[in-house]
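The values are calculated or read from the model by the stated rules, or taken from the named source; none is laboratory data. Remember, it's a predicted structure, so these values are computed and weren't measured experimentally. A quick note on method: Cβ atoms are made from the backbone with ideal geometry, for glycine too, and the neighbour counts reach across all protein chains shown. Accessible surface is based on the protein model in full, side chains and every heavy atom, while ligands, DNA and RNA are left aside. Shrake-Rupley method; radii C 1.70, N 1.55, O 1.52, S 1.80 Å.
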Amino acid sequence: MARMVRPQLETEPPVTGESSEGLFSSAETQARVVLPSLAESHRSIPFSSGASWIRKMLAFAGPGYLVAVGYMDPGNWATDIGGGSKFGYTLLSVILISNLMAMFLQALSAKLGIATGRDLAQACREQYSRRTGLFLWVICEIAIAACDLAEVLGSAVALKLLFGLPLLAGVLITAFDVLIVLALQGRGFRLVEAFVVTLIGSIAACFAYEIFFAHPLWREAAIGFIPRAEILRNREMLYIAIGILGATVMPHNLYLHSSIVQTRAFGSSTRDRREAVRYAIFDSTLALGFALFINAAILVLGAAAFHTRGLHNVAEIADAYKLLSPVLGASLASTLFACALLASGQNSTLTGTLAGQIVMEGFLDIRLKPWLRRLITRSIAIIPAALVIGFAGENKVTSLLILSQVILSFQLPFAVIPLIQFTNSRARMGEFANSRLTSVVAWIVAAAILFFNAELLWLIFRS
C-alpha cells in the first residue's frame, strides 16, 4: 500500500550522517531530509538565472550526453547489425520510435528530479511500501547487471579484434576499468561529462567514415523509417525489434537522469526550476538526437555493407569486423569499427557506475564506497559472461548480447510506470505535474512497451 508523502517542491539542504533505519525509512524518519544521491557532485556546477541563454544552455549541457551513452552501448551494436544485415532498412522505424520514446521519458525523468529534488529511486522509496520498493530495487539491479553484461562483452570483443586477446581475458580485464571511473569522478563531474562527449564524438566520426564508403541506398533508408505491420508478424524480426527497444529505452537511465540533473546549482524558486527543466529537456533531446544518428548509422551500415550484397546472416560483431574492410574496400573500416566499439563499451561503463550508485543510495539509503559498488556491479556481469564463454564458446557472445537487451526491455515497465505516476501527481510535483495531454501520451508509451513485450512472448511460446 502506498504511503502518503508531503509535496516536495524544493530541494532541501541535506542532513549529515547516514541512515541506520534498515532498508527503508520508517514513517517517522520520512520527515527527515535524505541525502541526495551522488552527494559529492550535488549542485556542484554553477547555473546563473541572470546569464545569457547561451551560457545557460552550456551550463546545462552534459547530463543528456551521459544518458545518451546508454542508448549507443555495445548491446545496440548486436541488435542493429543483426537487424540491418538480415532485414535491410526495415527496422529503422523501430530505432526512430524507440528514440522518440526515450526523449519523452527522459524529459519526464529530468522534470521529476528538478521539480522535487528527488531522483526516481528516492521517490519510489518514499511513496511505496517496503516490499514494493525492495521488489523494484531488485528489478532495477537486474537491469543494471544486464546492461553491464553488454558493456563487458562489447569491450572484450573490441579488445580481441584490436589486440588478439582471448575473449575470456578481455572479460577479466574489464574488471579494472573501475580505476578509470574513480579517477574521473575524483576530479569533478564536468570532467566525466567532457570525457563522455569526447568518446561520443569519436564514435560518430568512426561511423561517418564507415557510412561514406558503404554508399547506402538513401531512398530505401528513408522508407525504412516508416513503421510496417510485418515487424509484429515476423517472430524473428520482432525479437530483434524488442532487443532494439530494450537497448534504446534503458530503465536505469531514468534513475540516472533524475539524479544528475541535480548537479546543476539552479535556484529553488518556481521560476528558476521551470527554467532549469526547459534547459535540461533541451540538453537531453539534443543528446538523444546524436544517439539516434549513431544507432541508425549502425543499422544502415549493416544493411548497406551486408544485406544489399547478399550477406544476410552477419549477426556476429566479429564477422562484421572481418568483412567490413574487404567489402567496403577501405583499409581502416574494420579498425575504426573496433575502436568505436571499445569507446562505446568504456563510455557505457561510466554511466552504469553512476546509475548503480544512484539506485542503491536511492532505494536502500546505503552509501558504499564508489570502488566497492563498481566491483560488485562488474562482478555480477563478469560471472555469467565468463560462464557462457567457457561452456558455450565465443560464438555465443552476440546471442548473449541480444538476450541482455531483451531482458532490459522487460524491465522497462517497472521504471516507466512509477515515473509516470510520480510526474502525474500534483501532490508531489505541484504545478510541474504533467498536463492531461502529456499524461495521455505517457500512458500510451507505457502501453506500447507492454504490448511489444507481450507480443514477443506470445510469438516465442506459440512456436
So, in the stretch 166-191, of the ones that are modelled with pLDDT of 80 or more and under 21 Å from the mean Cα position of the chain (by Cα), which residue ends up most open to solvent (accessible area, probe 1.4 Å)? R190
The condition from (1) touching a residue at least 12 places away in the same chain (Cβ under 8 Å); (2) open to solvent by 10 Å² or more (accessible area, probe 1.4 Å) that S269 misses is numbered (1)
Within the group F135, F60, which residue is open to solvent by less than 10 Å² (accessible area, probe 1.4 Å) and either under 29 Å from N434 (Cβ atoms) or touching a helix residue (DSSP H, G or I) at 6+ places or on another chain (Cβ under 7 Å) (or both)? F60
So R367 passes all but one of these: (1) in a helix (DSSP H, G or I); (2) at pLDDT below 85. Which condition number does it fail? (1)
Please give the number of the condition F290 fails out of (1) over 18 Å from S348 (Cα atoms); (2) modelled with pLDDT of 85 or more; (3) open to solvent by 10 Å² or more (accessible area, probe 1.4 Å). (1)
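Within the stretch 149-164, can you find the residues that are part of a helix (DSSP H, G or I) and among the small types (G, A, S)?
Within the stretch 149-164, A150, G154, S155, A156, A158 qualify.
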Filter pass, S48 being among the hydroxyl-bearing types (S, T, Y) and touching a residue at least 60 places away in the same chain (Cβ under 8 Å): no
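Which of the residues belonging to the stretch 80-125 are among the aliphatic types (A, V, I, L, M) and assigned to a loop (DSSP other than H, G, I, E, B)? Break it down stepwise before answering.
Within the stretch 80-125, the first condition is being among the aliphatic types (A, V, I, L, M), and the residues that meet it are 81, 91-92, 94-97, 100-103, 105, 107-108, 110, 112, 114-115, 120-121, 123.
If the condition is that a residue be among the aliphatic types (A, V, I, L, M) and assigned to a loop (DSSP other than H, G, I, E, B), then L91 is the only one that fits.
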Contacts under 7 angstrom Cβ, first residue in the stretch 55-67 being over 17 Å from L350 (Cβ atoms), partner of a type in the set (A, V, I, L, M) and surrounded by fewer than 23 Cβ atoms within 10 Å (Cβ to Cβ), 6 or more apart: A59/I45
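Results for (1) at pLDDT 90 or above; (2) of a type in the set (V, I, T); (3) surrounded by fewer than 17 Cβ atoms within 10 Å (Cβ to Cβ); (4) more than 30 Å from A304 (Cα to Cα), shown as yes or no for each residue.
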position	(1), (2), (3), (4)
V197	no, yes, no, no
A222	yes, no, yes, no
G246	no, no, no, no
V261	yes, yes, no, yes
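Please go through the stretch 315-364 and pick out each residue that is within 17 Å of T79 (Cβ to Cβ), modelled with pLDDT under 75 and open to solvent by 10 Å² or more (accessible area, probe 1.4 Å).
In the first step, residues of the stretch 315-364 are kept if they are within 17 Å of T79 (Cβ to Cβ); the result is 315-321, 337, 340-341, 344-345, 348.
Add one more test, that the residue is modelled with pLDDT under 75, and what stays is 315-319.
Result: A315, E316, A318, D319.
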Just to verify a result, which residue in the stretch 73-123, among those that are touching a His at 6+ places or on another chain (Cβ under 9 Å) and hydroxyl-bearing (S, T, Y), is nearest to E220 (Cα to Cα)? Y89
Subset of the stretch 48-86, residues modelled with pLDDT of 85 or more, within 11 Å of the chain's Cα centre (by Cα) and within 30 Å of E236 (Cα to Cα), comes to V67, A68
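Does N295 fit the bill of being polar (S, T, N, Q), closer than 18 Å to A208 by Cβ, open to solvent by less than 10 Å² (accessible area, probe 1.4 Å) and in a helix (DSSP H, G or I)?
Numbers: polar (S, T, N, Q): yes; closer than 18 Å to A208 by Cβ: yes; open to solvent by less than 10 Å² (accessible area, probe 1.4 Å): yes; in a helix (DSSP H, G or I): yes.
Answer is yes for this residue.
Could you tell me how many of the residues in the stretch 432-444 are open to solvent by less than 20 Å² (accessible area, probe 1.4 Å) and assigned to a helix (DSSP H, G or I)? Before the answer, list the steps.
Keep residues of the stretch 432-444 that are open to solvent by less than 20 Å² (accessible area, probe 1.4 Å), which gives 432-434, 442.
Pick out the ones that are also assigned to a helix (DSSP H, G or I) and you get 432, 442.
Qualifying residue count for the region: 2.
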Here is a check on your reading of the model: is G84 open to solvent by less than 10 Å² (accessible area, probe 1.4 Å), closer than 20 Å to L38 by Cα and in contact (Cβ under 8 Å) with a residue 60 or more places away in the chain? no
So in the stretch 87-132, with the set limited to residues that are over 21 Å from A146 (Cβ atoms) and hydroxyl-bearing (S, T, Y), which one is surrounded by the most Cβ atoms within 10 Å (Cβ to Cβ)? T116
